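Enquirer: Below you will find the structure I want to go over with you.
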């Protein structure tokens, strides 16, 4: 026979329920504003990491106190104000040719290069903490800009394109070039 959890455990769970993200019907949010700031923390005082455009779709874990935590390209959690995005049920399909996916992949590689170079110029690699923080911000900013170059590629498609690019060797110099 299974016993009920002690009353103190139930009270703890109820208390914690107020501090965790509320569940969404879907795992994604779509930006509804024209140019929406993505911040490094859930507050207007947070650093603006990048600007999302109307229609951008991001993965999220739920809404927390008026903010959607979203997963960005760097793997960092960033935040969208909940008044400027809505939950969506399904991931938008990635319906572009392999050629377009490869161009997007190459744009992501250029964004990586640019973020490493600029971070090193502004925060020397010897200051590892500052350099890494800045590099991740720049990576998120420039990869989002790369997505914006392709109207039907959303930020949530990044992992799929990255995986395909690595599997097909698009990240190797000279890969898949015609041979004489």
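The values are calculated or read from the model by the stated rules, or taken from the named source; none is laboratory data. Note that the structure is predicted; figures quoted are calculated from it, not measured. Glycine gets a Cβ as well: all are built from the backbone with ideal geometry, and neighbour counts include every protein chain shown.
Enquirer: Residue by residue through segment 124-147, note down the ones that are closer than 23 Å to residue 172 by Cα and not in a helix (DSSP H, G or I).
Expert: none
Enquirer: Can you tell me which condition residue 127 does not meet? The list is (1) over 15 Å from residue 51 (Cα atoms); (2) surrounded by 19 or more Cβ atoms within 10 Å (Cβ to Cβ); (3) without any contact (Cβ under 8 Å) to a residue 40 or more places away in the chain, and all the others hold.
Expert: (2)
Enquirer: Scan segment 148-172 for residues that are part of a loop (DSSP other than H, G, I, E, B) and under 16 Å from residue 102 (Cβ atoms) and jot them down. Spell out the reasoning first.
Expert: Filtering segment 148-172 for residues part of a loop (DSSP other than H, G, I, E, B) gives 149-154, 168-172.
Within segment 148-172, 149, 150, 152, 153, 168, 169, 170, 171, 172 meet the criteria.
Enquirer: If residue 74 meets every condition in (1) assigned to a helix (DSSP H, G or I); (2) under 25 Å from residue 37 (Cα atoms) apart from one, which number is that one?
Expert: Residue 74 satisfies every listed condition except (1).
Enquirer: Further, regarding this structure: Given the criterion at pLDDT below 95 and surrounded by 11 or more Cβ atoms within 10 Å (Cβ to Cβ), identify the matching residue among 18, 26.
Expert: On the way: 18 fails: surrounded by 11 or more Cβ atoms within 10 Å (Cβ to Cβ).
The unique qualifying residue is 26.
Enquirer: Take residue 91 and tell me if it is touching a residue at least 40 places away in the same chain (Cβ under 8 Å), over 13 Å from the mean Cα position of the chain (by Cα) and assigned to a loop (DSSP other than H, G, I, E, B).
Expert: Numbers: touching a residue at least 40 places away in the same chain (Cβ under 8 Å): yes; over 13 Å from the mean Cα position of the chain (by Cα): yes; assigned to a loop (DSSP other than H, G, I, E, B): yes.
In short, yes.
Enquirer: Going through segment 60-74 one residue at a time, which ones are touching a helix residue (DSSP H, G or I) at 6+ places or on another chain (Cβ under 9 Å), closer than 23 Å to residue 132 by Cα and in contact (Cβ under 8 Å) with a residue 24 or more places away in the chain?
Expert: 70, 72, 73, 74
Enquirer: Right, another one. Residues in segment 59-90 that are at pLDDT below 95, buried (at least 16 other Cβ atoms within 10 Å of the Cβ) and within 13 Å of residue 43 (Cβ to Cβ): how many?
Expert: Here the count works out to 1.
Enquirer: Something else: For segment 102-123, indicate whether the set of residues that are in contact with a helix residue (DSSP H, G or I) (Cβ under 9 Å, 6 or more places away or on another chain), outside any helix (DSSP H, G or I) and surrounded by 17 or more Cβ atoms within 10 Å (Cβ to Cβ) is non-empty.
Expert: Within segment 102-123 (the criterion being in contact with a helix residue (DSSP H, G or I) (Cβ under 9 Å, 6 or more places away or on another chain), outside any helix (DSSP H, G or I) and surrounded by 17 or more Cβ atoms within 10 Å (Cβ to Cβ)), the answer is yes, since at least one residue qualifies.
Enquirer: So, residue 141, is that one modelled with pLDDT of 95 or more and in contact with a strand residue (DSSP E or B) (Cβ under 7 Å, 6 or more places away or on another chain) or not? Let's see the steps before the verdict.
Expert: On the way: modelled with pLDDT of 95 or more: yes; in contact with a strand residue (DSSP E or B) (Cβ under 7 Å, 6 or more places away or on another chain): yes.
Yes.
Enquirer: Take segment 33-52 and flag every residue that is surrounded by 15 or more Cβ atoms within 10 Å (Cβ to Cβ) and either modelled with pLDDT under 95 or within 15 Å of residue 84 (Cβ to Cβ) (or both). Please lay out each step first, then the result.
Expert: Of all residues in segment 33-52, those surrounded by 15 or more Cβ atoms within 10 Å (Cβ to Cβ) come to 33, 36-40, 42, 46, 49-52.
Scanning segment 33-52 gives 33, 36, 37, 38, 39, 42, 46, 49, 50, 51, 52.
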